[in-house]
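Asker: Take a look at this one; I'll ask things after.
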Amino acid sequence: MTSVIIVGVGPGIGTSVAKRFAREGFTVGLIARWEETVATAAEAAGGTTWTRTADATDEKALRAALRAFVDEHGTPNVVVYNAAIIRTDEPGELDQATMLDTYAVNVVGAITTAGELLPEMTGTYVITSGMVRPDPGLTSLSLGKVGVRGLVELLTSWRPEVLTASVTVGGPVEPGGQWDPDEIAEHYWELHTRAVTDQEVRHGC
């Protein structure tokens, strides 16, 4: 069976990605902090869904949720890290604790997810990114997205058998707008199909 797990699913990109993969017959795993969030996303996705609540900054809870999915459905073919804190703040405006908490969601949770799943995967790991250029009015978000792009390079070297990539979203996500979540979800699907093709070529299929 084919499966995808989305960490940090929400009403925008996360739900659209869930719907896109469900349409292809994937079992869809959904993780978010709140039960209402994952339940709403599961209903929108349709198909076969699996849900758990976990905060991306709670390493024990996040690892337990990821492992529970593997125990029930096997190693996922696709993992999407979509958790983020988006706020406006200028350099030095946030206290250190808030800045660290923000970085924990935007970057460290993605590292935890990778550490738990990538060693047993041969599929695709996609991290939602943004901020084509750093913006001093969005300092914590900009630093997080710079961190994500660096993480993608590290993971590509660490586990080259997994296609690790980021999808950069350059503006506000809204249906029918320039950054329509359903259109963005197509990029996640295209990355996965590219990974499948690359693996077939490597194995001479």
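The values are calculated or read from the model by the stated rules, or taken from the named source; none is laboratory data. It should be emphasised that the depicted structure is a prediction, and the values quoted were computed from it without experimental measurement. Cβ coordinates were reconstructed from backbone atoms using ideal geometry, including for glycine residues, and neighbour counts include every protein chain displayed. The protein model used for the area step is the full one, side chains on, heavy atoms only, and it has no ligands, DNA or RNA in it. Shrake-Rupley method; radii C 1.70, N 1.55, O 1.52, S 1.80 Å.
Asker: Does any residue of segment 98-106 turn out to be surrounded by fewer than 18 Cβ atoms within 10 Å (Cβ to Cβ) and farther than 23 Å from residue 31 by Cβ? Before the answer, list the steps.
Answerer: First, the residues of segment 98-106 that are surrounded by fewer than 18 Cβ atoms within 10 Å (Cβ to Cβ): 98-101, 103.
Now narrow it down to the ones that are farther than 23 Å from residue 31 by Cβ: 98-99.
Yes, segment 98-106 contains a residue that is surrounded by fewer than 18 Cβ atoms within 10 Å (Cβ to Cβ) and farther than 23 Å from residue 31 by Cβ.
Asker: If I filter segment 140-159 down to residues being of a type in the set (D, E, K, R) and assigned to a helix (DSSP H, G or I), which single residue comes out as modelled with the lowest pLDDT? Quick ask: steps written out before the conclusion?
Answerer: Filtering segment 140-159 for residues of a type in the set (D, E, K, R) gives 145, 149, 153, 159.
Filter once more, keeping what is assigned to a helix (DSSP H, G or I): 145, 149, 153.
Working: 145: 89, 149: 92, 153: 96.
Once the filter is applied, the top-ranked residue is 145.
Asker: Give the residues of segment 38-50 that are surrounded by fewer than 20 Cβ atoms within 10 Å (Cβ to Cβ), over 24 Å from residue 193 (Cβ atoms) and among the β-branched types (Val, Ile, Thr), sorted by residue number.
Answerer: Listed by number, the list holds a single entry, 40.
Asker: Which condition number does residue 79 fail, the rest of (1) open to solvent by 70 Å² or more (accessible area, probe 1.4 Å); (2) modelled with pLDDT of 95 or more; (3) closer than 26 Å to residue 190 by Cβ being met?
Answerer: (1)
Asker: Ok, one more. Can you find a residue that is among the small types (Gly, Ala, Ser) and surrounded by fewer than 16 Cβ atoms within 10 Å (Cβ to Cβ) anywhere in segment 28-37?
Answerer: No, every residue in segment 28-37 fails to be among the small types (Gly, Ala, Ser) and surrounded by fewer than 16 Cβ atoms within 10 Å (Cβ to Cβ).
Asker: Sticking with this structure for a sec: Output the number of residues of segment 66-97 satisfying the condition of being in a helix (DSSP H, G or I) and in contact (Cβ under 8 Å) with a residue 40 or more places away in the chain.
Answerer: Filtering segment 66-97 down to residues in a helix (DSSP H, G or I) leaves 66-73, 96-97.
If we keep only those that are in contact (Cβ under 8 Å) with a residue 40 or more places away in the chain too, we end up with 66-67, 69-70, 73.
Count: 5.
Asker: Then there is this: Within segment 90-104, does at least one residue satisfy the condition of being modelled with pLDDT of 95 or more, at negative phi and within 13 Å of the chain's Cα centre (by Cα)?
Answerer: So far as segment 90-104 goes, no, none of its residues is modelled with pLDDT of 95 or more, at negative phi and within 13 Å of the chain's Cα centre (by Cα).
Asker: Going through segment 166-205 one residue at a time, which ones are farther than 21 Å from residue 148 by Cβ, open to solvent by less than 70 Å² (accessible area, probe 1.4 Å) and at pLDDT 85 or above?
Answerer: Within segment 166-205, 177, 180, 193 qualify.
Asker: Which number in (1) at pLDDT below 95; (2) buried (at least 19 other Cβ atoms within 10 Å of the Cβ); (3) within 22 Å of residue 69 (Cβ to Cβ); (4) of a type outside the set (A, V, I, L, M, F, W, C) marks the one condition that residue 130 misses?
Answerer: So residue 130 meets the others, but not (3).
Asker: Do you know which of the residues in segment 11-27 that are touching a residue at least 60 places away in the same chain (Cβ under 8 Å) and of a type in the set (Lys, Arg) is least open to solvent (accessible area, probe 1.4 Å)? Can you show your working first?
Answerer: If we filter segment 11-27 for residues that are touching a residue at least 60 places away in the same chain (Cβ under 8 Å), which is where we start, we get 12-17, 19-21, 24.
Those still in the list that are of a type in the set (Lys, Arg) too: 19-20.
On the way: 19: 71, 20: 26 Å².
Only one residue tops the list, namely 20.
Asker: Could you please give the count of residues in segment 118-140 that are within 22 Å of residue 168 (Cβ to Cβ) and free of Cβ contacts under 8 Å to residues at least 60 places away in the same chain? Walk me through it before giving the result.
Answerer: In the first step, residues of segment 118-140 are kept if they are within 22 Å of residue 168 (Cβ to Cβ); the result is 118, 123-140.
Keeping just the survivors that are free of Cβ contacts under 8 Å to residues at least 60 places away in the same chain gives 118, 125, 127, 129-140.
Summing the residues that are within 22 Å of residue 168 (Cβ to Cβ) and free of Cβ contacts under 8 Å to residues at least 60 places away in the same chain in segment 118-140 gives 15.
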